[in-house]
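Everything on this sheet refers to the single structure shown next.
FYI, it's all coordinate maths here, none of it is from the lab. Remember, it's a predicted structure, so these values are computed and weren't measured experimentally. With ideal geometry, Cβ positions are generated from the backbone for all residues, glycine too; neighbour counts draw on all protein chains shown.
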Amino acid sequence: MTAKKELLKVEGLKQYFPIKGGFFGRTVNHVKAVDDISFTVYEGETVSIVGESGCGKSTTGRAILRLDEPTEGVVSFEGKDLTELSRKEMRAMRKDLQIIFQDPYASINPRQIVSAVIEEAMDIQNAVPKKDRRKRIEDLLQTVGLQKFQADRYPHEFSGGQRQRIGIARALSVDPKLIICDEAVSALDVSIQAQVLNLLEELQEEFGLTYLFISHDLGVVRHISDRIIVMYLGKIVEIGDKHSLFDNPKHPYTKALLSAIPVPDPDHKKDRITLRGDVPSPINPPEGCRFHTRCPFATDKCKTDVPELRTVDIMKDGHQAACHYIEEIESGEHKAKDYSAEAIVGKGQEV
Amino acid sequence: MSENTVNHPVTAKKVNPRIENYKMIWKRLKKNKAALVGGYLIVFFIVVAIFGPMFLSKSPNETDIANKLAGPSAEFWFGTDNFGRDIFVRIIHGMSITLYVGFTSVVIGLVVGVPLGIISGYYGGRIDNLIMRVMDVLLAFPGILLALAIVSVLGGSLQNVIIAVGIFSIPAFARIVRGSTLSVKKLEYIDAVRALGATDFRIIFRHILPNVMSPIIVQATLRIATAVLTAAGLSFLGLGAQPPMPEWGAMLSEGRAYIYDAWHVAFFPGMMIVFVVLAFNIFGDGIRDALDPKMKQ
């Protein structure tokens, strides 16, 4: 592959939300929503973050944009550390980083007409000279597949998919380099999802955009991503390009996650890995490997040692997984435990 | 049938949701007869306050010792007081004082309370704690007692009554606005404009304030009633409007001494206070129900 330019580099990002309690409202504990994650996004690619609810994927997106101030860590965008910027510098910087939200009904102010929504974006960043704005708004609407005459309508006159297009037009209006799509298609029905995903791909080609795509939908992720990050309970468990990850998952959690994708073939013999128990609480996450309470391969080592992301010979193109037993599981030397004999694990870790 | 309902882009009528919303509110308000009566009364009081004195030939302080403490008659509609002053004339002149006190003190409460509430709700944390604890202290005093304390510090005059009543309206506004701000600021479109780099100033004034207006309007209407009552109470205690002024609370206080001999001296100012307070209260309740139909049980 040619040398890729790093656009976004996240290092040691932590996002802890304090839990206040007691008479004086002291911080009694933290929800460790994102706990020390690092990854890089290269220019022009689509990186997806997947994981189940509460694993910290949306929090990661919000922390990168400083919609919630990250607790710790470095977020470098084109070499500049965003967490170091003053509020004013950050506001100017926001031109390059945009976000598309999950809920198209909540993400647009219902009191503003479409052109006002987009114009406000341009006004804030002073992106387009005043006299050219109208033209640009109309162009943008056409770019995202809406009509010119719809510029003067109110959000309630549009369908969910159309509103999501308005949200995309708003994000595009300031010419961003990186767009974080926070479950951008999850609220739409399947046929509209496909349309919006195709639109996102077209826009990527046209404007050279980079996407950080946050989703729980593996089908969507498989369609749009170049690389995929799998998160579990605030940590990255596996990271790799789409093909290595889907064809050759190495972390037991990823394997379980991928085995949950339905196959549209009634004769397909399913080899489904069913996880037992619930995701432990992020307030008191398990020691060692966070997945050990539900992992069929867990040993005593997993209970104490935190596995680092690492790569082994059989993994290519920067594919990394955070498991102590990648090789052993692969060679079949380390067998999964039989759950039927054991009570559900994982309960003991909760608060 | 169905062909007619298709929204053709060219003929589609533009609907401004804000105007549409106002229409809905008005529709619901019209159904509430009590609130309408309150509203008409308020309009009537305002008209009387502005134009009433022009139609009166007598001055409110004109004395007529020969007719002192005269009962209601064709000449003196509401009778006269112990100096022979025409109570009807005094009440008409007092109308503007009462409404002026009510509106200005609420405006003071609004101007201070709303920004405090928004800042508290929007920024949270320590500022929120500080502001809300101060508001709690103000709320801990019974309203009239707090106003009494403020007036006794500032000295008794109508102006100080307005300031006192204004100060004791602040916490009510601050609390309500804080609550609404907390719920509005969590909406995704606030995050969207924040992600675009909007300043806090823009977010607060363009996006939060318009969305917390309804509770403010309701509270302001209801607060006018409280303000009128408190101001009258302070004047009754001799801390507000000073004697020759035709302030209703002061008139009530003066009439109290003659209540066994001339009931009308105390009765008419008292009745007017009741009417004004009642009008604002039922109108405020009506607006609340109209703005938020879900609140009604």
By the scheme Lys and Arg +1, Asp and Glu -1, what is the net charge of all other residues having a beta-carbon under 15 Å from that of B:Val134?
+2
I want the antiparallel fraction of DSSP beta bridges within the protein assembly as shown, as a percent rounded to 5.
60 percent
With the contact rule set at Cα under 8 Å and sequence spacing of 6 or more, what percent relative contact order holds for chain B?
24 percent
What distance in nm lies between label points placed 7 Å from Cα along the C-beta direction at B:Gln159 and A:Ser331?
9.3 nm
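Quick one: compute the contact order of the stretch B:64-104, relative version, from alpha carbon pairs under 8 angstrom and 6+ residues apart, as a percent.
28 percent
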I'd like the FRET efficiency for B:Ser59 and B:Leu278, computed as 1/(1 + (r/R0)^6) with the beta carbon distance as r and R0 of 30 Å, rounded to 0.05.
0.55
Checking the cross-link filter: which lysines have an alpha carbon closer than 30 Å to that of B:Lys23, excluding same-chain neighbours under 8 positions apart?
A:Lys148, B:Lys13, B:Lys14, B:Lys31, B:Lys33, B:Lys185, B:Lys186, B:Lys294, B:Lys296
Hey, rough spin-label estimate for A:Glu206 and A:Ser281, points 7 angstrom out along Cα→Cβ, what's it come to in nanometres?
4.9 nm
Each residue of B:196-203 has, on average, a number of other protein chain C-beta atoms within 10 Å of its C-beta equal to 6
Report the Stokes-Einstein translational diffusion coefficient (µm² s⁻¹, integer) for the stretch A:112-174, Rh taken as the Kirkwood radius over Cα pairs, at 25 °C with viscosity 0.890 mPa s.
218 µm²/s
By the rule of another cysteine's Cβ lying under 4.7 Å, the cysteines of the protein assembly as shown that fail to get a partner are A:Cys55, A:Cys181, A:Cys295, A:Cys323
Give the calculated FRET efficiency between B:Ala34 and B:Val107 to the nearest 0.05, with a Förster radius of 22 Å applied to their Cβ-Cβ distance.
0.25
Over 24 Å (Cα to Cα) - which of A:Lys57/A:Lys250; A:Lys9/A:Lys235; A:Lys32/A:Lys335 fall in this group:
A:Lys32/A:Lys335
Which FRET efficiency, nearest 0.05, do B:Asp261 and B:Leu130 yield, Cβ-Cβ r, R0 56 Å?
0.55
Could you work out the local net charge near A:Thr71, counting Lys and Arg as +1, Asp and Glu as -1, over the other residues with Cβ closer than 11 Å to its Cβ?
-3
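Treat every Asp and Glu Cβ in the stretch A:112-174 as -1 and every Lys and Arg Cβ as +1, leave all other atoms uncharged, and give the resulting dipole magnitude about the Cα centre to the nearest 20 debye.
Roughly 120 debye, rounded to the nearest 20.
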Over the whole of A:100-112, what's the average partner chain Cβ count within 10 Å per residue? Rounded to a whole number, please.
5
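Tell me, what is the percent relative contact order of the stretch A:1-147, built from C-alpha pairs under 8 Å that lie six or more residues apart?
Relative contact order of the stretch A:1-147: 20 percent.
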How many nm separate the modelled label positions at A:Lys88 and B:Lys27, each set 7 Å beyond the Cα in the direction of the Cβ?
5.0 nm
Enter the mean number of other protein chain beta carbons within 10 Å of the beta carbon of each residue in A:250-260, as an integer.
0
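Can you give me the Kirkwood hydrodynamic radius for the stretch B:196-297, using every pair of distinct Cα atoms, in Å to one decimal?
Details: mean 1/r = 0.0613 Å⁻¹.
Hydrodynamic radius (Kirkwood, Cα pairs) of the stretch B:196-297 is 16.3 Å.
Based on DSSP H runs of at least 4 residues, each adding -39500 (n - 2.57), what is the mean residue ellipticity at 222 nm of the protein assembly as shown after dividing by all its residues, to the nearest 500 deg cm²/dmol?
The helix contribution divided over the protein assembly as shown gives -15000 deg cm²/dmol.
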Residue by residue, what Karplus-based ³J(HN,Hα) values in Hz, rounded to whole numbers, does the stretch A:204-214 have, using 6.51, -1.76 and 1.60 with θ = phi - 60° and x for Gly and Pro?
4, 5, 5, 9, x, 7, 10, 10, 10, 9, 9
By average Cβ neighbour count within 10 Å, what is the ranking of B:45-55, A:10-20, A:95-105 from highest down?
A:95-105, A:10-20, B:45-55
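Could you tell me whether chain B comes out rounded, prolate or oblate from its Cα gyration tensor? Rule is a ≥ b ≥ c as square roots of the eigenvalues, rounded for a/c under 1.5, then prolate if a/b exceeds b/c, otherwise oblate.
oblate
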Starting from the Kirkwood radius over alpha-carbon pairs of the protein assembly as shown, derive D by Stokes-Einstein at 10 °C in a medium of 1.306 mPa s and give it in µm² s⁻¹.
53 µm²/s
Using θ = phi - 60° and the Karplus curve 6.51 cos²θ - 1.76 cosθ + 1.60, what whole-Hz ³J(HN,Hα) does each residue of the stretch A:151-157 get, with Gly and Pro shown as x?
4, 9, 9, 8, x, 5, 8
